[in-house]
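Taking it in order: structure first as structure tokens, then the write-up.
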Amino acid sequence: MIDVRDLSRSFGRTAALDHVSLRVEPGEIVALLGPNGAGKTTASRIIAGILAPSEGDVLVDGISVRADPHRVRQRCGMVTDQPSLYERMTLRAYLGFFCHLYDVAAAGKRTEELAELLGLADRLDVRLGAFSRGMKQKVAIARGLVHDPPVLLLDEPATALDPETARSLRSFIVSLRARHRAILLCTHDLDEAQRIADRVVVLYRGRVAREGLTGALRADSHPRFVVSFTGDAAIARDALARAGVKAEPASSENGYAALRFDADEPGTTNPAVLRALLDGGLRVVTLVREERSLEDAYFAIVAEARSPEERNG
């Protein structure tokens, strides 16, 4: 597991991380989101034992990155958006080389296991330079897994991949969660995070702006509903206005007219909406809660985290 405790890191006078705390449990995927410069990559490099913290500490599988960064590195697998492979080597030789670096017993067997796991068993004796972009990224993941680490750090792993390969990669990452690994995913791909992350941590200017379950962050503090109906939308809006409900046009998947409205107290507002529409001679087809996307939630969180000067600038 990953336990980040009051972590800070400065580069000169610039604070890249400012008292950040977060946890990733075994069998969990946590997405670390934030604008460029928010501190995501700095955090992942400190967790991996590559950078030293200025303040605070990180425990990886119970080991302090301050006290023993070497043992921390042994427990982490790290994959970035740039595979950086030794392209003149075959896949077999490349993975075998890293198995020996990590003192992996039965290196040949481990190499074949990883190639099979990632669908590359038929490419073991092919030079890496001949691999496609997606295949190279799979090799980078295999390299990060050679020593069977309990922690996997993924920094934009799906960048520049085609949709089919990206989907395959997402499925593989989810399968690793089932193998009880703690996975930290740093990404700008909010759709990817929404699909696979159990929890989300949003960084802004080196601080945690918001943290929570993915579904909880997507739930708006002001519940919003969409009602679809047959009839004139203008008549429907007037009927709702008389009932004290402000509505705006919405798209409807079933092709009927639809209106969107906020309901802080759905138990009171929704029955009033139904009565108003029925009294206005309109036939209600559906009334459903509208769930905002992680993208909508993310932009709302970042907007809230901005200082007044940033908002006005």
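The values are calculated or read from the model by the stated rules, or taken from the named source; none is laboratory data. This structure is a prediction, so every number in the text was calculated from the model and none was measured. Because the Cβ atoms are built from the backbone with ideal geometry, glycine has one as well, and the counts that use them run over all protein chains shown.
Listed values, structure above:
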| quantity | calculated |
| --- | --- |
| Qualifying residue in segment 106-119 (condition: over 29 Å from the mean Cα position of the chain (by Cα), outside any helix (DSSP H, G or I) and at pLDDT below 95) | yes |
| Failed item, numbered, when R207 is tested on (1) closer than 30 Å to A15 by Cα; (2) within 12 Å of the chain's Cα centre (by Cα); (3) not aliphatic (A, V, I, L, M) | (2) |
| Counted residues, segment 11-28 - those being within 9 Å of R207 (Cα to Cα) and acidic (D, E) | 1 |
| Within segment 10-36, tally of residues that are in contact (Cβ under 8 Å) with a residue 60 or more places away in the chain and part of a strand (DSSP E or B) | 15 |
| Among (1) farther than 19 Å from R181 by Cα; (2) part of a loop (DSSP other than H, G, I, E, B), the one test that P149 misses | (1) |
| Selected residue [buried (at least 17 other Cβ atoms within 10 Å of the Cβ), at pLDDT below 90 and within 12 Å of the chain's Cα centre (by Cα)] from P223, P157 | P157 |
| Restricting segment 246-260 to residues that are within 13 Å of E290 (Cα to Cα) and out of contact with any helix residue (DSSP H, G or I) (no Cβ under 7 Å at 6 or more places or on another chain), the residue that is surrounded by the most Cβ atoms within 10 Å (Cβ to Cβ) | A258 |
| Cross-chain or 6+ apart pairs with Cβ under 9 Å, segment 80-91 first and in the same structural domain as A140 (by TED's automatic domain parsing) and within 20 Å of S44 (Cα to Cα), then assigned to a loop (DSSP other than H, G, I, E, B) and among the small types (G, A, S) | D81/A158; D81/A160 |
| Residue within segment 76-99 that is under 26 Å from R5 (Cα atoms) and aliphatic (A, V, I, L, M) present | yes |
| Within segment 190-280, helices (runs of 4 or more DSSP H) holding 2 or more residues that are under 30 Å from A16 (Cα atoms) and not β-branched (V, I, T) | 190-196, 214-218 |
